[in-house]
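Remarks on the structure that follows.
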Amino acid sequence: METTTRYRTCPLCEATCGLEIETHGRTITSIRGDDRDPFSRGYICPKGPALKHLDTDPDRLRRPMIRRGTTWQEVGWDDAFAEIDRRLPALRATHGKDAVAVYLGNPSVHALALTLYSRALLRVLGTRSIFSASTVDQMPKHISAGFMFGLPLSIPVPDVDRTQYLLILGADPVVSNGSLMTAPDIRERLRAIRARGGKIVVVDPRRSRTAEDADVHHFIRPGTDALLLFAIVQTLFAEGLVRLGHLAEHTHGVDRVAELARPFTPDAVAPVTGVPADVIRCLARELAAAESAAVYGRVGTCQQEFGTLASWLVDVVNALTGNLDRPGGAMFTRAAAGAANTHGTPGRGKGFQTGRRTSRVRGFPEVMGELPCACLAEEIETPGEGQIRGLITIAGNPVLSTPNGYRLARALAGLDFMVSLDIYLNETTRHAHVILPGLSPLEQSHYDVALWQLAIRNYARWSPPVFAPPADRPTDWEVLLRLAAIVLGQGPAADTAALDDFVARQQVGAALHVPALAGRTPDEIMAALAPRRGPDRLLDLMLRTGPYGDGFGARPDGLSLAVLEAHPHGVDLGPLEPRIPEVLRTPSGAVELAPDPIVADVPRLRAALARKPNGLVLVGRRDLRSNNSWMHNVENLVRGRERCTMQVHPEDAAALGLVDGAPARVRSRAGTIEVPVEVTPAMMRGVASVPHGWGHDAPGTRMAVAAAHAGVNCNLLADEEALDPLSGNAILNGTPITVEPAH
Ligand SMILES: Nc1nc2c(c(=O)[nH]1)N[C@H]1C(S)=C(S)[C@@H](COP(=O)(O)OP(=O)(O)OC[C@H]3O[C@@H](n4cnc5c(=O)[nH]c(N)nc54)[C@H](O)[C@@H]3O)O[C@H]1N2
Ligand SMILES: Nc1nc2c(c(=O)[nH]1)N[C@H]1C(S)=C(S)[C@@H](COP(=O)(O)OP(=O)(O)OC[C@H]3O[C@@H](n4cnc5c(=O)[nH]c(N)nc54)[C@H](O)[C@@H]3O)O[C@H]1N2
Ligand code: SF4
Ligand SMILES: [Mo]
């Protein structure tokens, strides 16, 4: 057997690091960072090498499983599909399309096959009951981008490689490796800002790792970022510091924003936010004076009471200081494949809309075709027309990742039929009737269609599979197509090759509207894409009809999958460039700085000015060696001291009688947990922090390592009733709690 070196993208987080993987037959001998990758420059975190352990993990499911009562049976693929064919179409026939829900988890955005083929399944299911991890994560940012710029994925990213001033709110990129900002080796990129004389300011109720590396850190009371940002806006207007720069002729609503900001003076917001008024004025002046500056907010600003307002105000401040869409500011990526903002008429579009329908029980508006995942349990529990009776989860673990996991687990147990596409038997999939295992990430090709739409450089990298998938099983995209075929009534043994041709032909048809393809026929394009199949064929189509594409011969030196194949370290397409007005898809053709639906939510924030902060509230945090809920089965990543602890400030601990290392009982409206206390001055007074993704002690799971390091599920405390009204995003930060020693 030969030793071979392969290059591929790490699929685990948004940093998309390039890996150099050495193999000997079917064995991985080493995984390191790819030094020749121009984007990630050899950087990896401890999770990258853990791909080897994921690949070999004996607990990782390799054969389908069927549950009868509490007994699981490994079965062949044909038997698994036959079981689904027996139960799923019947359920739809009796109870209707909406009775079958889908939950899409985070890894479904990181896997090419799941990203491209889940859509095909959703289309044939025709269900309105669609849920995803987006509503416990970034939905507020999609809304603000959608209303301001016309498309929910037109999210400005901080130009970290050129900025001279970075204000970070509610993000800890040194630990999370960045989010809605694909920026491998972010720690070094942040260091470089300071090395070139720039400044980094972090606003966070916790002195995070990123805060430790910054010039300045300010504590903030959870959930009050919108107040702080509005006060910055108010100061910019009051002190005559507003400079729109080249955006002046492309921006609507500046006067309206000035009017809205009036009551939010630094003095008015200081007592509620906990940020002193002179600090807020100073932030406004520094942002206005900086040679270039970017404001960046992430989960701390989204998973909170005023998530959409905070997400909106981040970009309002970027715009008012002249930093939106300029080098060193907050800019729009021009992605090589799949970006809606590189298609259609440049500069104008239909705009963005929510609430085309509402959830059945609580009447929550749909956003991007989804309902809030905090509503999933009630939609299962509540009888009546449209009640959810069946569920398909695709790479998701909502029992640990969404609010009131206890109630959701109970609801899942009551479903008539549940299918999970997953690689583990875990807290969620143990409720399934059939589990269809995914391939190892190393057995599939890879391209980050979503994440490279938010990269801090224009960049593209495709990776072939490191190992061929086992011959006796379908690939992940074939699994999704077989499910689609079952829904279409074609039975469990449908011809997936024909279905795949159908999917590709449909997308070719849609792509023929690209000007470069004028006059070409679908047959011609299908022939040019042959002999590729599956996700690689769809990707080749997207690349070739994308902004750098070869247009199937129209631009012979343009991009195609063949070009990426020839560049295993990736293709650097250059730094971000200004894109306004071309990037906009609003009906007016302008940046909408004060969109009506968002403005309508401002009175709720104004009411919050009267609040008197009291009592303890809960926030989350991340750890470099975790990845949400599902990598705790890798021994190397869980070894060492207990990480699922509740951090509290020493004075709070003293007042509550809490002792470092001893358990505390924590209560919220939704539930109660017991968790070890970690006393640390890194916490703001009045705020406690417990990380999510733990709680691996449920019976009937099959993750031996994780079970030995179980921790507790902090989302037993998160309240399913508490949602940001515009986005339906769960409020996971700022949950009121009471705490007492457990013994
Ligand atoms: N309190 C609190 N809760 C939070 C958060 C927080 O900050 N605080 N963060 C939220 C955020 S940002 C997110 S994104 C969500 C995540 O929420 P989810 O996406 O629901 O949860 P994950 O833990 O990412 O679970 C991923 C699932 O996919 C499976 N899986 C992994 N890789 C593959 C694969 O290649 N194929 C298949 N088929 N399955 C795979 C895993 O076994 C696991 O079951 O959690 C949210 N929950
Ligand atoms: N190692 C690791 N990396 C990950 C993940 C992981 O689980 N582990 N998950 C991935 C996923 S799915 C995502 S979405 C990203 C998330 O990436 P980040 O957004 O960087 O996530 P966190 O590290 O949780 O940082 C959120 C910060 O917000 C703070 N915070 C909480 N509430 C508030 C508030 O109201 N206001 C302000 N200003 N701050 C607040 C918290 O104290 C915390 O420091 O990370 C990704 N990367
Ligand atoms: S930071 Fe770590 S987990 Fe994220 S892509 Fe890089 S190596 Fe993978
Ligand atoms: Mo996330």
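The values are calculated or read from the model by the stated rules, or taken from the named source; none is laboratory data. Because the structure is a prediction, the values reported are computed rather than measured. Cβ coordinates were reconstructed from backbone atoms using ideal geometry, including for glycine residues, and neighbour counts include every protein chain displayed. The area values use the complete protein model at the heavy-atom level, side chains included, leaving out ligands, DNA and RNA. Shrake-Rupley method; radii C 1.70, N 1.55, O 1.52, S 1.80 Å.
Taking the condition closer than 30 Å to Glu305 by Cβ, among the small types (Gly, Ala, Ser) and touching a Leu at 6+ places or on another chain (Cβ under 6 Å), does Gly405 pass? Yes, satisfied.
Kindly check whether there is at least one residue in the range 68-79 that is aliphatic (A, V, I, L, M) and either within 16 Å of ligand 3 (Cβ to nearest atom) or part of a helix (DSSP H, G or I) (or both). Give the derivation first.
Taking the range 68-79 and keeping what is aliphatic (A, V, I, L, M), we get 75.
From the residues that got through so far, the ones that are either within 16 Å of ligand 3 (Cβ to nearest atom) or part of a helix (DSSP H, G or I) (or both) too are none.
No, because not a single residue in the range 68-79 is aliphatic (A, V, I, L, M) and either within 16 Å of ligand 3 (Cβ to nearest atom) or part of a helix (DSSP H, G or I) (or both).
Selection over the range 639-679 of residues that are open to solvent by 20 Å² or more (accessible area, probe 1.4 Å), in a loop (DSSP other than H, G, I, E, B) and out of contact with any Ser or Thr (no Cβ under 9 Å at 6 or more places or on another chain) gives a count of 7.
The criterion of being farther than 24 Å from Val503 by Cβ, of a type in the set (A, V, I, L, M) and away from ligand 2 (no atom under 13 Å from the Cβ) holds for Ala145.
Taking every residue in the range 359-378 that is closer than 21 Å to Pro597 by Cβ and pairing it with any residue that is of a type in the set (Asp, Glu), at least 6 positions away or on another chain, the pairs with Cβ-Cβ distances below 8 Å are Ser359/Glu366; Ser359/Glu379; Arg362/Glu378; Leu371/Glu379; Ala374/Glu720; Ala374/Glu721; Cys375/Glu720. If you filter the range 188-207 down to residues that are open to solvent by 20 Å² or more (accessible area, probe 1.4 Å) and more than 26 Å from Met139 (Cα to Cα), you find that the one that is nearest to ligand 4 (Cβ to nearest atom) is Glu188.
Against the condition of a type outside the set (Phe, Trp, Tyr), buried (at least 21 other Cβ atoms within 10 Å of the Cβ) and outside the structural domain of Pro699 (by TED's automatic domain parsing), how does Lys52 come out, does it pass? So Lys52 fails the test. Would you call Glu381 without any contact (Cβ under 8 Å) to a residue 60 or more places away in the chain and open to solvent by 10 Å² or more (accessible area, probe 1.4 Å)? Taking the combined requirement at face value, the residue satisfies it.
Quick check on Lys47: is it more than 16 Å from ligand 4 (Cβ to nearest atom) and modelled with pLDDT of 95 or more?
Details: more than 16 Å from ligand 4 (Cβ to nearest atom): no; modelled with pLDDT of 95 or more: yes.
Criteria not met by Lys47.
Here is a check on your reading of the model: is Ala310 closer than 30 Å to Leu564 by Cα, open to solvent by less than 10 Å² (accessible area, probe 1.4 Å) and out of contact with any Phe, Trp or Tyr (no Cβ under 7 Å at 6 or more places or on another chain)? No, not satisfied. Evaluate the range 222-230: report whether one residue or more is more than 25 Å from Val648 (Cβ to Cβ), without any contact (Cβ under 8 Å) to a residue 60 or more places away in the chain and in the same structural domain as Ile598 (by TED's automatic domain parsing). No: zero hits.
Kindly check whether there is at least one residue in the range 83-94 that is surrounded by 15 or more Cβ atoms within 10 Å (Cβ to Cβ) and either outside any helix (DSSP H, G or I) or in the same structural domain as Asp159 (by TED's automatic domain parsing) (or both). Walk me through it before giving the result.
Filtering the range 83-94 down to residues surrounded by 15 or more Cβ atoms within 10 Å (Cβ to Cβ) leaves 83-85, 87-89, 91-92.
Narrowing the set further to residues that are either outside any helix (DSSP H, G or I) or in the same structural domain as Asp159 (by TED's automatic domain parsing) (or both) leaves none.
Within the range 83-94 (the criterion being surrounded by 15 or more Cβ atoms within 10 Å (Cβ to Cβ) and either outside any helix (DSSP H, G or I) or in the same structural domain as Asp159 (by TED's automatic domain parsing) (or both)), the answer is no, since none of the residues qualifies.
Looking across the range 274-302, the residues that are farther than 29 Å from Leu454 by Cα and part of a helix (DSSP H, G or I) come down to Ala277, Asp278, Val279, Arg281, Cys282. Looking only at the range 196-245, which residues are of a type in the set (Gly, Ala, Ser), within 27 Å of Asp623 (Cβ to Cβ) and more than 16 Å from ligand 1 (Cβ to nearest atom)? Hits for the range 196-245 are Ala211, Ala214. If you go through the range 517-527 and keep only what is of a type outside the set (Asp, Glu) and surrounded by fewer than 17 Cβ atoms within 10 Å (Cβ to Cβ), you end up with Ala518, Gly519, Thr521, Pro522, Met526, Ala527.
Just wondering, is there one or more residues in the range 47-57 that are away from ligand 1 (no atom under 16 Å from the Cβ) and in contact with an Asp or Glu (Cβ under 7 Å, 6 or more places away or on another chain)? Outline the logic, then answer.
The first filter runs over the range 47-57 and keeps only residues away from ligand 1 (no atom under 16 Å from the Cβ), leaving 49.
Now restrict to residues that are in contact with an Asp or Glu (Cβ under 7 Å, 6 or more places away or on another chain): none.
Within the range 47-57, none of the residues are away from ligand 1 (no atom under 16 Å from the Cβ) and in contact with an Asp or Glu (Cβ under 7 Å, 6 or more places away or on another chain).
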